[in-house]
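Quick notes on the structure that follows.
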Amino acid sequence: MKGRFVIFASLALGIGALVLSGCGSPAGTDKAASASNSGNGSAPRPVAVDANEVNSPQQNANPNLDDPGIQQASNMSDLKQAKLDKLRNGAGGGTGGFPSGAAPLKRETPDDSQYWSVLTDVATETRQFRSNPQIAKVEKINDGKTAVIKIHLRNGKVMDFPGNRVADISRESVNTFIAMAGLTPAATPTPPPAAPSEPNPQKKRSVNVFPKVQ
């Protein structure tokens, strides 16, 4: 009996020791310890996130309209568009696309006159005479279908003629326009006679080359 009791007591002590050694530390604690001991830099670190950035859209999605660079680009775009609109609509100040107030290019023509042309919805040629006592200016207006010549007299009268009467008003003589208006060209003043020239003073002097023969 004593021998059996000693065997059972030994078995009970051995089983108890095994149970105590297996339950001594929690499994989770061992895993955390092994993870921390394996490497300090490999563990993930928490990241701070602003709740406003997550819940609201980014402000940079739309351009800042107060930026001077963006405003300048917008102004340049508006100016280009306005210029294109003017060209499409034919709004050029009445000088063939030139800005309003720009003088047309004039050139000198015969009979002390100037010639220039302007292109708007019609083509207008103008020749202005400075010193002619009868004709002030001549205009030729062409709308693409018909042409008319307007002769402006010094007395203020304007006379109209078909445009085919004169092909090029810039080169035509002023007498042609005077004749078209039914006028007689003014007499050309006769220049005063030239003053008599003095005789050659060398002819007054007589030069004796040979002595007189006695």
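The values are calculated or read from the model by the stated rules, or taken from the named source; none is laboratory data. These numbers come from a predicted model, not from an experiment. Virtual Cβ from ideal backbone geometry, glycine too; neighbours counted across all protein chains shown. Heads up: the accessible areas ignore ligands, DNA and RNA and are worked out on the full protein's heavy atoms, side chains in. Shrake-Rupley method; radii C 1.70, N 1.55, O 1.52, S 1.80 Å.
Here are some notes:
- Gain on full extension, evaluated as 0.36 nm per residue between Lys106 and Asn142 minus their Cα-Cα distance, stands at 11.1 nm.
- With only the Cα atoms considered, the stretch 121-162 has a convex hull volume of 60 Å³ per residue.
- Ile149 exposes around 0 Å² of accessible area when a 1.4 Å probe is run over every protein chain in place.
- Net lengthening on full extension, Ala186/Arg130 (0.36 nm per residue, minus Cα-Cα): 18.7 nm
- Packing rank of 122-132, 104-114, where each peptide gets the mean count of other beta carbons within 10 Å, highest leading: 122-132, 104-114
- Given their separation in residues at 0.36 nm each and the Cα-Cα distance between them, Leu13 and Leu119 gain 25.8 nm when the chain is fully extended.
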